[in-house]
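No value in this document is a laboratory result; all are computed from the given coordinates. What you are looking at is a predicted structure, and each value in this text was computed from that prediction instead of being measured. Because the Cβ atoms are built from the backbone with ideal geometry, glycine has one as well, and the counts that use them run over all protein chains shown.
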Amino acid sequence: MFAFIIKFITTIGYKGIFLLMVLESALIPIPSEVTMPFAGFLVSQGTLLFIGVVIAGALGNVAGSLIGYYLGFWLGEKRVLRLIERYGKFILLSTDDYKKSSTWFQRYGGGVVFFSRLLPGVRTFISLPVGVFKMPIVKFSLYTFIGSLIWSVVLTGIGFYLGANWDAIGPVFSKLHYILIALLLILIGYYVYYKHTKKKQHS
């Protein structure tokens, strides 16, 4: 996978980044944690521009997420679950993964689309339940783009900072992962508190 991603980006540059991020968000297990840091390394070498890499990554995520969204939108939950039961193992997706992301979306609403873009794993399949429940497409695309833009900036920045040691992102990303989860939980807690307080004021 490392070799494929490296060759793909080295050969076609921004288009390669865009296509790899499309595939990742369209439920194909191609890790952005490899794609974007390597692109960041190429930025440090002067081969690519930071802004070009970030935009290519974010737009690729949006395009791939729309594929997942429309799969959920057109197929409905029963058929989506049947497909996951039959083929999910090939794309590292289980029915439990789907149900958890579905529960998150139903409980916390559209904000989950934004926050999920910052979490490994969840970010790749949140589009399915969002499509099933038919969130407005403009709102979905906007939340996805903003969250993906932040994700792309972070990973590209790490790759740029690490330079030739970009593949040492593992330990760095592990710590970052926990920080993002903690931040997500804090923000969700605040969102629930805000909604609850607002509801009490109107009652």
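In nm, give the distance between the simple-model label positions of residue 100 and residue 197, each being 7 Å from the Cα along the Cα-to-Cβ direction.
So the two model labels end up 3.0 nm from each other.
Which whole number of Å³ per residue matches the convex hull of the alpha-carbon atoms in the range 3-111?
110 Å³
So between residue 150 and residue 11, what do we pick up on full extension, going 0.36 nm a residue minus the alpha carbon distance?
47.5 nm
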